[in-house]
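Data block below; observations after.
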Amino acid sequence: MIGVDCMGQKATPVSSVKKNLTKAEKKIRQDVETTFAAIDRTLQPPEYFTADQKKIFNDLVEKLSATKLLLSLDQTTFEQAAIIIDRLNCVDKMLNNPENIFNINATNIRQKYFSQYLKICAELALSPAARAKLGTLSANNNKNTDPLVDALGGAKS
């Protein structure tokens, strides 16, 4: 399955991988990620988006572009995220009306959109837990040193 390693966990960028990889494994993964990173990062909202959806889309792209991990391959994910967030906001506005607070259909729709929202947040590392995990993995990866070099009193690798 694409995006999942053999242990059933989601694959992460090689720069954030916690487990030890051989130099050959790391090189292969870096080469693949570099190839994808060379793809145009220009993400644009589709013409058919509403003004609110375009604003959400552009806001997500702007905020996540600092990660330098965005690819044109992420276009559909960002489109779906913008649609889900916009529709969730619309349902919330409707439910804020006292006449609709007990509308079971709107409540069910909100629950479905919120479930989709949580999934898309995990995909885009938008939740605090997802960001913390990436930060921890990145910090741990930067701490990794070569034991032989450490034993010889040399510089970190």
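The values are calculated or read from the model by the stated rules, or taken from the named source; none is laboratory data. No experiment lies behind these values; they were computed from the predicted model shown. Here the Cβ positions follow ideal geometry from the backbone for every residue, glycine too, while neighbour counts run over all protein chains shown.
Before moving on, here are some points about what is shown:
- Note on the stretch 50-70: residues that are surrounded by 14 or more Cβ atoms within 10 Å (Cβ to Cβ) and among the hydroxyl-bearing types (Ser, Thr, Tyr) amount to 0.
- Criterion violated by residue 6 - all others in (1) loosely packed, with under 12 Cβ neighbours inside 10 Å; (2) in a loop (DSSP other than H, G, I, E, B); (3) at pLDDT 60 or above satisfied: (3)
- In the stretch 71-89, the residues that are surrounded by fewer than 16 Cβ atoms within 10 Å (Cβ to Cβ) and touching a Phe, Trp or Tyr at 6+ places or on another chain (Cβ under 8 Å): 71, 73
- If the condition is being touching a Pro at 6+ places or on another chain (Cβ under 8 Å) and not in a helix (DSSP H, G or I), then the stretch 45-102 contributes only 69.
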